[in-house]
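J.: After the structure tokens below, expect a handful of questions from me.
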Amino acid sequence: MFTGRIEQTAVVREVGAGFLRIAAGPEADVSAGSSVALDGVRLTVSSVAAGELVAAVTDETRRRTTLDRVEAGRPVHLELPLAVGDRIDGHLVQGHVDGVGKVLRVADEPSGRRLWVKPGERLLTRLVAKSSVALNGVSLTVAEVLKDRFSVVLVPHTLQRTNLGDLVAGDRVNLETDLLTRMARDGHGPDLLKAIARLPWSGQLSGPDGVQKVVAQLAAGGGVVVWDPTLEGEGDVVFAAERFRPQSMIFLLTQVFGHTTIPCAAEVLERLEIPRMPGDGDRQGTLMHVSIDLASSSGTGVSAAERAATIRRLAAADAVPSDFLRPGHVFPLAARPGLLSTRKGHTEATVALCEAAGLAPVGVCCEVMRPDGVMADSADLEQFALRWELPMIDVHDLARWL
Ligand SMILES: O=C(CO)[C@H](O)[C@H](O)COP(=O)(O)O
């Protein structure tokens, strides 16, 4: 057993059939028959001579790890096994590599460097944000888990002392998932998994349970992310109008950056005498209506508080046509009758979610745009959802389970 705290690197001197010869200093206190972890791969030492050791490598081990392409001259992490009484300064690492992951992106951040790694699909379920993972045998914390990738953040010490600091996009790394997470996932901790399922998840959700969590979040006045992979290829943050607060408007304006619109059941707009915008409509068939402001407002109608008040009034059962000025600074949309069974757009998803939450069929949606002006794609959206602790759902899941 190891801990993933790397004290030494050693250089590969020779790659032979069935063995690796490694330069190792006197601090590598090993003898024939002991175990060592090389880049996170547990190997048995077959011989030790002055300044070097030879470790046996089977074809099976080569196939499943980065040792299939290791070359002489390469520095590898060398970790000796734990002794009873040693400090476990990392986490329990077995040296049993689960698979090889591919580095997708390396991004420097003020406090370190973030690595995005794509593991084999079966490993994703064993990676949980804030649990541990070993990369080339180095004990790290999983920062985020997305649909097909996860990230870790390397602190300056790790960048200087390990070969992870040399990684670039396209490189391969040995992955060992956390033993405890593995035990829970493999059925040894069903109670633990049930408790985890009850947590207010953020990030990508799916299935009927995911949809229920999204509805609950909306009912409580929170925002949810709805990803539309088909019609627009964009994701919107959605709120219920009845619960909409000025703080939520500020969030949309300063963090979400898209065009805020107010999807309504068509009968609400008819009742309030808010007509369709003239013209043939946009390419996606979004039914835009004449913009409005709250007639009782004393300002321009633009401030977050005024827009939130206009939006809440649209959702009020006792609202009347004279409550609104036309045109204004709030943009209503009409949902198609039949909602998601007719059209799988954000307009219909927003109204369907509000109805499922037991609220008036009026909501708020705003496309997530990146600060560089590019519309967020699904990976950006998952990061966004995790960052702001919002649940995220695919519109097709809503169409299926609402
Ligand atoms: O058009 C829009 C607002 O300007 C947005 O794209 C919004 O997502 C709603 O539209 P749709 O129902 O087409 O997804």
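J.: Does residue 256 meet the test of being assigned by TED's automatic domain parsing to the domain that holds residue 362 and within 16 Å of the ligand (Cβ to nearest atom)?
T.: yes
J.: When you look at residue 226, is it within 13 Å of the ligand (Cβ to nearest atom) and not charged (D, E, K, R), yes or no?
T.: yes
J.: Residue by residue through the stretch 318-335, note down the ones that are in a strand (DSSP E or B), more than 9 Å from residue 290 (Cβ to Cβ) and in contact with a Ser or Thr (Cβ under 8 Å, 6 or more places away or on another chain).
T.: Selection gives 324, 329, 330, 333, 334, 335.
J.: For residues that are hydrophobic (A, V, I, L, M, F, W, C), within 16 Å of the ligand (Cβ to nearest atom) and surrounded by fewer than 22 Cβ atoms within 10 Å (Cβ to Cβ), tally how many sit in the stretch 316-332.
T.: Within the stretch 316-332, residues that are hydrophobic (A, V, I, L, M, F, W, C), within 16 Å of the ligand (Cβ to nearest atom) and surrounded by fewer than 22 Cβ atoms within 10 Å (Cβ to Cβ) number 1.
J.: Can we say residue 285 is near the ligand (Cβ under 10 Å from one of its atoms) and out of contact with any strand residue (DSSP E or B) (no Cβ under 9 Å at 6 or more places or on another chain)?
T.: yes
J.: Here's something else I'd like to know. Can you tell me which residues in the stretch 300-315 are free of Cβ contacts under 8 Å to residues at least 60 places away in the same chain and either part of a loop (DSSP other than H, G, I, E, B) or on the phi > 0 side of the Ramachandran plot (or both)?
T.: Matches in the stretch 300-315: 300, 301, 302, 303.
J.: List, please: which pairs have Cβ atoms under 7 Å, are six or more places apart or on different chains, and start with a residue in the stretch 195-210 that is at pLDDT below 75 and end with one that is surrounded by 12 or more Cβ atoms within 10 Å (Cβ to Cβ) and in a helix (DSSP H, G or I)?
T.: So the pair list comes out as 201/213.
J.: Of the conditions (1) of a type outside the set (Phe, Trp, Tyr); (2) within 16 Å of the ligand (Cβ to nearest atom); (3) more than 18 Å from residue 398 (Cα to Cα), residue 298 fails just one. Which one is it?
T.: Residue 298 satisfies every listed condition except (2).
J.: From the list 335, 360, which residue is within 12 Å of the ligand (Cβ to nearest atom), crowded, with 18+ Cβ neighbours inside 10 Å and closer than 30 Å to residue 216 by Cβ?
T.: 335
J.: Return the only residue of 151, 139 being modelled with pLDDT of 90 or more, outside the structural domain of residue 66 (by TED's automatic domain parsing) and within 18 Å of the chain's Cα centre (by Cα).
T.: Being modelled with pLDDT of 90 or more, outside the structural domain of residue 66 (by TED's automatic domain parsing) and within 18 Å of the chain's Cα centre (by Cα) holds for just one of 151, 139, which is 151.
J.: Determine whether residue 77 is assigned to a strand (DSSP E or B) and in contact (Cβ under 8 Å) with a residue 60 or more places away in the chain.
T.: Judged against the criteria, residue 77 is a match.
J.: Could you go through the stretch 377-389 and let me know if any residue there is within 21 Å of residue 251 (Cβ to Cβ), assigned by TED's automatic domain parsing to the domain that holds residue 244, more than 16 Å from the ligand (Cβ to nearest atom) and modelled with pLDDT of 95 or more.
T.: No, every residue in the stretch 377-389 fails to be within 21 Å of residue 251 (Cβ to Cβ), assigned by TED's automatic domain parsing to the domain that holds residue 244, more than 16 Å from the ligand (Cβ to nearest atom) and modelled with pLDDT of 95 or more.
J.: Looking at (1) more than 15 Å from the ligand (Cβ to nearest atom); (2) at pLDDT 95 or above; (3) under 28 Å from the mean Cα position of the chain (by Cα), which is the one condition that is false for residue 393?
T.: With (1) more than 15 Å from the ligand (Cβ to nearest atom); (2) at pLDDT 95 or above; (3) under 28 Å from the mean Cα position of the chain (by Cα) applied to residue 393, the lone miss is (1).
J.: Quick test of your reading of the structure: residue 258 fulfils all but one of (1) crowded, with 19+ Cβ neighbours inside 10 Å; (2) under 32 Å from the mean Cα position of the chain (by Cα). Name the failing condition by number.
T.: Of everything listed in (1) crowded, with 19+ Cβ neighbours inside 10 Å; (2) under 32 Å from the mean Cα position of the chain (by Cα), residue 258 misses just condition (1).
J.: Shifting gears a bit: Anything in the stretch 121-146 that is touching a residue at least 40 places away in the same chain (Cβ under 8 Å) and in a loop (DSSP other than H, G, I, E, B)? List them, or say none.
T.: 125, 126, 127, 128, 129, 131, 136, 137, 146
J.: Now, a different point. Given 313, 343, which one is at pLDDT 95 or above, among the basic types (Lys, Arg), in contact with a strand residue (DSSP E or B) (Cβ under 9 Å, 6 or more places away or on another chain) and within 16 Å of the ligand (Cβ to nearest atom)?
T.: The conditions single out 343.
The values are calculated or read from the model by the stated rules, or taken from the named source; none is laboratory data. Just so we're clear, the structure is a prediction, and the values are computed from it rather than from any experiment. Note: ideal-geometry Cβ built from the backbone for every residue, glycine included; neighbour counts use all protein chains shown.
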